[in-house]
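A quick write-up on the structure given underneath.
The values are calculated or read from the model by the stated rules, or taken from the named source; none is laboratory data. Quick caveat, the model's predicted, so the values are computed rather than measured. All Cβ positions, even for glycine, are placed from backbone atoms using ideal geometry, and neighbour counts span all protein chains on display. Surface accessibility is based on the protein's heavy atoms, side chains included, excluding ligands, DNA and RNA. Shrake-Rupley method; radii C 1.70, N 1.55, O 1.52, S 1.80 Å.
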Amino acid sequence: MEAVRASAAWVASRSSHVTVDLQEIEKVVDKIQGNVPKVEWDFEGIHYFDNGPLTVQYLFVLDALNFCFWPDKDLSYDHLASGLKLALEKDKTALDANRLQNYTGPEIRQLLNWPRPLPIEEERVRLLHEVGLELERSFGGEAANLVKAAGNSAATLIELITRHFPGFRDHSLYKGHQVFLYKRAQIFVADLWGAFKGQNYGEFHDINSITIFADYIVPAVLRELGILKYGSNLSCSIDSNSEIVPGSEEEVEIRACSIYAVEKMRDLISKKFGKQLLSIDIDLWLWSCGVQNMALSHHRTLSIYY
Ligand SMILES: Nc1nc2c(c(CN[C@H]3C=C[C@H](O)[C@@H]3O)cn2[C@@H]2O[C@H](COP(=O)(O)O)[C@@H](O)[C@H]2O)c(=O)[nH]1
């Protein structure tokens, strides 16, 4: 994930709407004494898990749809995770590759037991079809085979996912440079690692190469901590719930600076306290703080990537 780390640093060094405050990072690191509170994967108790290939299929479909919940104020990630879990418990074939290729918008709603159209529903339909089709074409219909093909390397798995599934190619252009963010591909690796506790389908020798997952919750937490500082125009837009245009400098800076800030935090913890933390663990801590703070205002971008 060197491309993610390097391009995020490139953006951070040229950023004008967002600044990373290194002193605030140091204050936070000192306050927690280098000990990031441990948050268990599935602390919410909402995910499907059977310790086998169906769990891998579940997590891949989950992360294919793991984006943009905020336009419906009653909808959250939890509905997606628990909705797919229930659907699978009722019918073990619900996420089979041939079924994924044929779902319609209303059928996905039914699957998730959601009473009205989902945000950017047509894109969710298209992405499910893409996942079903390519899993069938190249991986015998099973996400478990995709994971096996990566040979226990997180970087290889992300490379395979982004090569085979265009919907996971979370790139942007910033001042003429290509920026790699890979939020949903990386979170899939982290979900495997968390669910299978680093064993079996969750065993990756290079799990430390993963960065945080640049969504709309973690940047809001970093801003609340004082680590990210926004310029006054951007602050006003976010606090008044105006939409931030996808691919705009503001949006790319928010996401890239979040990745960069956490990598800096990780380096500092290593230097000062001699602890080698995973970005995944920092991410889950920050994200769990964010989703518990209902008052947090986050940036709003219509995006299929996060
Ligand atoms: N950085 C980061 N972003 C994450 C997650 C997760 C869930 N991870 C699961 C894995 C293990 C845990 O037990 C979690 O259940 C979702 N998101 C993002 O949040 C947003 C949804 O927010 P709201 O509208 O309030 O539900 C949306 O962009 C979604 O893509 C994460 O872990 N890290």
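For the chain, the square roots a ≥ b ≥ c of the C-alpha gyration tensor eigenvalues yield an a/c of 1.5 or more together with a/b exceeding b/c, which makes the shape prolate. Classify segment 132-172 as rounded, prolate or oblate, taking a ≥ b ≥ c as the square roots of the eigenvalues of its Cα gyration tensor: rounded when a/c is under 1.5, otherwise prolate if a/b is larger than b/c and oblate if not. Oblate, since a/c reaches 1.5 and b/c is not below a/b.
In a simple Cβ point-charge model (Lys, Arg +1; Asp, Glu -1; nothing else charged), segment 98-180 has a dipole of about 100 debye relative to its Cα centre. Charge dipole of the chain (Cα centre as origin; +1 on each Lys and Arg Cβ, -1 on each Asp and Glu Cβ, all else neutral): 440 debye, rounded to the nearest 20. As an exercise, find the ratio Rg/Rh for segment 6-125 from alpha-carbon atoms, using the Kirkwood inverse-distance average for Rh. Checking Rg against Rh, the ratio lands at 1.10. Once the 1.4 Å probe is applied to the protein heavy atoms, the chain comes out at 43 Å² accessible per residue. When only Cα pairs below 8 angstrom with a gap of at least 6 residues are kept, segment 1-138 shows a relative contact order of 21 percent. Measure off, as a whole percent, the carbon and sulfur share of the 1.4 Å-probe accessible area of segment 1-84, all protein chains present. Carbon with sulfur: 52 percent of the solvent-accessible area. For the chain, the relative contact order works out to 29 percent when only alpha carbon pairs closer than 8 Å and six or more residues apart are counted. Normalised by the number of residues in segment 84-242, the mean separation of alpha-carbon contacts (under 8 Å, six or more apart) gives a relative contact order of 15 percent. Of the trypsin sites (Lys or Arg not before Pro) in segment 163-245, the ones in a loop by DSSP (not H, G, I, E or B) with at most 16 other beta carbons within 10 Å are Arg169, Lys175, Lys197. Overall, the accessible surface of segment 204-263 at a probe of 1.4 angstrom is composed of carbon and sulfur to the extent of 50 percent. Note on Phe43: accessible area approximately 80 square angstrom, rounded to 10, probe 1.4 Å, nucleic acids and ligands left out.
With r as the distance between the Cβ atoms of Asn200 and Ile32 and R0 = 45 Å, compute the FRET efficiency 1/(1 + (r/R0)^6) and round to 0.05. The value I calculate is 0.90. Charged neighbours of Val221, selected by a Cβ distance under 11 Å, balance to -2 (K, R count +1; D, E count -1). Of interest is the spacing of the C-alpha centroids, which for segment 148-216 and segment 1-65 amounts to 11 Å.
Secondary-structure-derived ellipticity at 222 nm for the chain, considering helices only, amounts to -16500 deg cm²/dmol, per-run term -39500 (n - 2.57) for DSSP H runs with n ≥ 4.
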